[in-house]
Amino acid sequence: MIAAILVIVGLSVLVLIHELGHFIAAKNAGLLVEEFGFGFPPRAIAWKRGETVYSINWLPFGGFVKIYGEKGEGKADKRSFAHQSLWRRFVIIAAGISINFIFGWLLLSIVFMTGARQAVVISEVVKGSPAESVSLAANDEIVGFKTPEEFVAFTNAHRGQATTISIMHAGAAREVTVTPRKDPTPGQGALGVAVVGAGFERLGFFDSLWKGLTVSIESMGEILKAFGSLVGDLVGHAQVPENVVGPVGIFGVAGQLGSLGMVYVLQLIALISLNLAVLNFIPFPALDGGRILFLIIEKIKGSPIHAKRELWANAISFGLLVLLMIIITTRDIVRLF
């Protein structure tokens, strides 16, 4: 439960700092920032400091920033977003993406500075296997083993014998008695599970920063590949891949990771931040990447896209994103039951 709450708070913080990136870049460029809000309307309270309204809203998920000229107004006003050069507008738009990357990198660096105990975790359970017959599941921790190799050697040594294994499932300990197969199907193993090792030693400050940076870059590459697979399945097969989860699914993963230690929850939040950076870089209307795409088109054609066309493109794209999120969330809820 604590892990899930931390992820909820973390998601709100990630969206808020994304908007904070736009806010800082706009302020630094001397633009008029009309409002910076925590959460989404309806408004609870608000106060004005200088020329900017700061608000706290009733829907406490993330936040927003309202910059004068974002909708094309005030082109003659040097403090309007619409008045700025292409490069300055690009910097303001990209600031949100950048701060999500930096935040994810720093969180991963903290994870490496902290270190984590070694554990063996189930990543996949084969249907019809001995593991499935005793309700072992992905993300269960196998207690008493430090490496996958130790566990594999243990199961191979007990083929055909009823064996008791200690498991941590969603923070709760339990024991199962299972009989590893003597002659398993090739590639499935005696128990019918795929296992991975978790945990790592603590690193020094500078080593952690470097490791966090390299892992962040590698992770973003994997996220891009996963997004490509998602698009391919949506276009080619009209279906969402099974390994894609929404907020509800993330909370479930958080609960399971919390049983391994809070450092893994911190790692999850870091990866979500990197996911937001990649997602917002995608050249799709309604996302920051779509706004950057419009800037590139403006540069090529020598004039801005008509405001109404941009508005319709953003509205339709936002609707598609909401529909996709509803589909994924519905599937996550069904999986709970």
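Are any residues in the stretch 95-127 under 17 Å from Val195 (Cα atoms) and surrounded by fewer than 17 Cβ atoms within 10 Å (Cβ to Cβ), and if so, which ones? First the steps, then the outcome.
Keep residues of the stretch 95-127 that are under 17 Å from Val195 (Cα atoms), which gives 117-127.
Selection gives Arg117, Gln118, Ser123, Glu124, Lys127.
Which residues, taken from the stretch 261-306, are of a type in the set (Lys, Arg) and within 17 Å of Glu19 (Cβ to Cβ)? First the steps, then the outcome.
Step one: of the stretch 261-306, the residues of a type in the set (Lys, Arg) are 291, 299, 301.
Within the stretch 261-306, just Arg291 meets the criteria.
Kindly indicate the residue of the stretch 65-81 that is modelled with pLDDT of 90 or more and small (Gly, Ala, Ser) and also farthest from Phe294 (Cα to Cα) among those meeting that condition. If you could, list the steps in order and put the result at the bottom.
Filtering the stretch 65-81 for residues modelled with pLDDT of 90 or more gives 65-69, 77-81.
Keeping just the survivors that are small (Gly, Ala, Ser) gives 69, 80.
On the way: Gly69: 15, Ser80: 18 Å.
This residue is Ser80.
Going residue by residue through the stretch 204-226, is there one that turns out to be out of contact with any Ser or Thr (no Cβ under 8 Å at 6 or more places or on another chain) and under 18 Å from Val126 (Cβ atoms)?
no
Tell me yes or no: at least one residue of the stretch 239-250 is modelled with pLDDT of 90 or more, crowded, with 16+ Cβ neighbours inside 10 Å and either out of contact with any Phe, Trp or Tyr (no Cβ under 7 Å at 6 or more places or on another chain) or of a type in the set (Asp, Glu) (or both).
If we filter the stretch 239-250 for residues that are modelled with pLDDT of 90 or more, which is where we start, we get none.
No, the stretch 239-250 has no match at all.
Among the residues of the stretch 39-82 satisfying the criterion of being of a type in the set (D, E, K, R), touching a Gly at 6+ places or on another chain (Cβ under 9 Å) and in a strand (DSSP E or B), which is surrounded by the most Cβ atoms within 10 Å (Cβ to Cβ)? Give the steps one after another, and end with the answer.
Initial filter on the stretch 39-82 (of a type in the set (D, E, K, R)): 43, 48-49, 51, 66, 70-71, 73, 75, 77-79.
Next, from what is left, pick out any that are touching a Gly at 6+ places or on another chain (Cβ under 9 Å): 43, 66, 75, 77-79.
Subsequent filtering for residues that are in a strand (DSSP E or B) retains 43, 66.
Details: Arg43: 14, Lys66: 19.
Among them, the one singled out is Lys66.
Return the pairs, sorted by first residue and then second, in which the second residue is of a type outside the set (Phe, Trp, Tyr) and surrounded by fewer than 12 Cβ atoms within 10 Å (Cβ to Cβ), the first residue lies in the stretch 44-58 and is over 20 Å from Leu32 (Cα atoms), the beta carbons are less than 7 Å apart, and the residues are 6+ apart or on different chains.
Asn57/Pro41; Asn57/Pro42; Trp58/Pro42
Between a residue in the stretch 126-149 that is at positive phi and any residue that is exposed (fewer than 14 other Cβ atoms within 10 Å of the Cβ) and outside any loop (DSSP other than H, G, I, E, B), which pairs come within a Cβ distance under 7 Å, given they are 6 or more apart or on different chains?
Every condition considered, the pairs that remain are Gly144/Ser166.
If you check Leu336, Leu295, Leu257, which single one turns out to be aliphatic (A, V, I, L, M), in contact with a helix residue (DSSP H, G or I) (Cβ under 8 Å, 6 or more places away or on another chain) and modelled with pLDDT of 85 or more? Break it down stepwise before answering.
Working: Leu336 fails: modelled with pLDDT of 85 or more; Leu257 fails: modelled with pLDDT of 85 or more.
Matching residue, one of Leu336, Leu295, Leu257: Leu295.
Of all residues in the stretch 83-124 being in contact with a helix residue (DSSP H, G or I) (Cβ under 8 Å, 6 or more places away or on another chain) and in a loop (DSSP other than H, G, I, E, B), which is nearest to Ser166 (Cα to Cα)?
At the first step, the residues of the stretch 83-124 found to be in contact with a helix residue (DSSP H, G or I) (Cβ under 8 Å, 6 or more places away or on another chain) are 84, 86, 89-101, 103-116, 120, 122.
When the remaining residues are screened for being in a loop (DSSP other than H, G, I, E, B), the result is 84, 115.
Values: Gln84: 62, Gly115: 24 Å.
Within the stretch 83-124, the match that is nearest to Ser166 (Cα to Cα) is Gly115.
Within the stretch 173-199, which residues are free of Cβ contacts under 8 Å to residues at least 24 places away in the same chain and outside any loop (DSSP other than H, G, I, E, B)?
Within the stretch 173-199, Arg174, Glu175 meet the criteria.
Scanning the stretch 262-302 for residues that are touching a residue at least 24 places away in the same chain (Cβ under 8 Å) and of a type in the set (Phe, Trp, Tyr), which turns out surrounded by the most Cβ atoms within 10 Å (Cβ to Cβ)?
Tyr264
What's the total number of residues in the stretch 27-59 that are within 19 Å of Phe81 (Cα to Cα) and polar (S, T, N, Q)?
Residues flagged as within 19 Å of Phe81 (Cα to Cα) and polar (S, T, N, Q) within the stretch 27-59 amount to 2.
The values are calculated or read from the model by the stated rules, or taken from the named source; none is laboratory data. All of these numbers come straight from a predicted model, not from anything done at the bench. Backbone-built Cβ (ideal geometry, glycine too); neighbour counts: all protein chains shown.
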